[in-house]
Amino acid sequence: MSVHPLTAALLSGQRRALARAITLAESSRPDHLREAQQLLAEVLPHAGRSLRVGLSGVPGVGKSTFIEALGLQLADAGHRVAVLAVDPSSQRTGGSIMGDKTRMPNLTVHPGAFIRPSPARGALGGVARRTREAITLCEAAGYDVLLIETVGVGQSETQVASMTDVFVLLTLPNAGDELQGIKRGIMELVDVCVVNKADSNPAAARQAQGELAAALHLLTPRTALRQPQVLQASALTGAGIAEVWAAVKAFTADSVRVQARRQAQHSGWFEELLKEAAWQAFEAGVSAEQLRAIRAEVRAGTLTAVQGLAALLGGAFMP
Ligand code: GDP
């Protein structure tokens with residue numbers, strides 16, 4: 001098989017080639033999918049050399065303002081910055097948090113930046129695959145900072161945390177209300193917490209910083225290698241943005257730990273796909289009728305779950 005026509009252009013960092021490669025990987029056409037997999041295989045040796053930063057927070061917290069401010073600082077300093085989004089809501093509404101590039105007008109036109117809207121179709125699992133592949137493609141194109149944004153709606157944070165080196169949560173100065181709104185499961189993912197809009201109410205922001213630091217401290221096991229950091233910033237004025245970046249760098253300075261996190265992520269992703277594929281293969285080989293009947297019996301309690309499994313698969317699969 002000859003080398004894919006996009007490979008050379010992608011590796012030389014051409015934005016158009018990168019955009020087309022991501023479009024291939026997002027397509028649901030089988031021939032596009034095959035092409036995308038070939039391309040990914042060819043560029044994989046050139047991927048992996050970026051800092052992958054996940055960012056989340058409720059709508060209105062200032063994510064796009066923050067990402068633009070941070071992205072501009074980094075791009076001006078010579079970094080190549082790619083912004084990706086994971087937006088589960090876009091499947092329902094057809095819209096997307098990143099669909100409107102005017103959200104980051106200055107970053108969009110910066111030659112050192114690449115902004116990609118969220119893939120709009122498919123299940124969350126599908127979005128996760130597409131985002132992972134977009135990460136690889138951006139890295140192969142030479143982007144060394146990846147900012148991966150998601151809205152604060154639950155499952156998408158877990159997804160983004162499972163594909164990034166450091167997870168940043170933006171919050172508002174009203175921490176008391178905030179703390180109730182942020183699910184414990186999400187707090188456990190946080191490496192760096194930023195009280196944004198500190199300019200709007202400095203006293204409340206200071207208080208929020210203290211409360212969030214205490215809450216995160218309680219959640220972090222004492223064996224953890226590093227405590228989450230809580231900082232204040234203003235995406236609007238730019239105050240504190242450099243400090244947030246310093247905290248992100250400090251968090252990821254230990255390359256052994258970053259590698260360990262990535263290896264665990266790769267394995268986790270593989271196991272997830274394996275389970276999905278195994279389930280699909282199993283489902284294809286079993287009669288839907290029989291499966292339905294056994295499920296009904298298990299539900300009614302006339303079969304235990306284990307008996308149901310044995311009835312379906314035979315004794316070999318008994319736990
Ligand atoms: P997103 O929905 O999380 O992407 O939030 P946006 O970035 O769109 O910001 C929502 C609103 O908050 C906009 O009107 C911003 O101008 C404003 N905003 C964002 N960051 C700050 C900040 O640090 N201070 C103040 N005062 N306003 C901000």
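To test your reading of the geometry: what angle, between 0 and 90 degrees and rounded to tens, separates the Cα axis of helix 241-251 from the longest principal axis of the chain?
The angle comes out near 50 degrees.
Per-residue ellipticity at 222 nm for the chain, helices alone: DSSP H runs ≥ 4 residues times -39500 (n - 2.57), over residue total, nearest 500 deg cm²/dmol?
After summing the helix terms and dividing by the residues of the chain, the value is -16500 deg cm²/dmol.
Among the lysines in the chain, how many pairs, 8 or more places apart or on different chains, have alpha carbons under 30 Å apart?
Qualifying lysine pairs in the chain: 11.
Give me the dipole magnitude in Debye, nearest 20, for the chain about the Cα centre, with unit charges on the beta carbon: positive for Lys and Arg, negative for Asp and Glu.
200
Enumerate the amide H contacts of V83 below 5 Å, restricted to partners 5 or more residues apart or on another chain; note that Pro and chain-start residues carry no placed amide H.
F114, I115, R116, L147
Go through 249-256, 111-118 and give me the packing order, highest mean Cβ count within 10 Å leading.
Sorting 249-256, 111-118 by mean packing, highest first, produces 111-118, 249-256.
Please sort 230-241, 192-203, 28-39, 296-307 by packing, taking for each peptide the average over its residues of neighbouring beta carbons within 10 angstrom, highest first.
192-203, 230-241, 28-39, 296-307
Which angle from 0 to 90°, rounded to the nearest 10, does the C-alpha axis of helix 15-26 make with the longest principal axis of the chain?
The two axes meet at around 30 degrees.
Residues of the chain: accessible area per residue at 1.4 Å, in Å²?
Result: 50 Å² of accessible area for each residue.
In degrees, nearest 10, range 0 to 90: what is the angle between the Cα axis of helix 255-285 and the longest Cα principal axis of the chain?
Orientation of helix 255-285: about 30 degrees from the principal axis.
The values are calculated or read from the model by the stated rules, or taken from the named source; none is laboratory data. Note that this is a predicted model, so its numbers are computed, not measured. Cβ coordinates were reconstructed from backbone atoms using ideal geometry, including for glycine residues, and neighbour counts include every protein chain displayed. Surface accessibility is based on the protein's heavy atoms, side chains included, excluding ligands, DNA and RNA. Shrake-Rupley method; radii C 1.70, N 1.55, O 1.52, S 1.80 Å.
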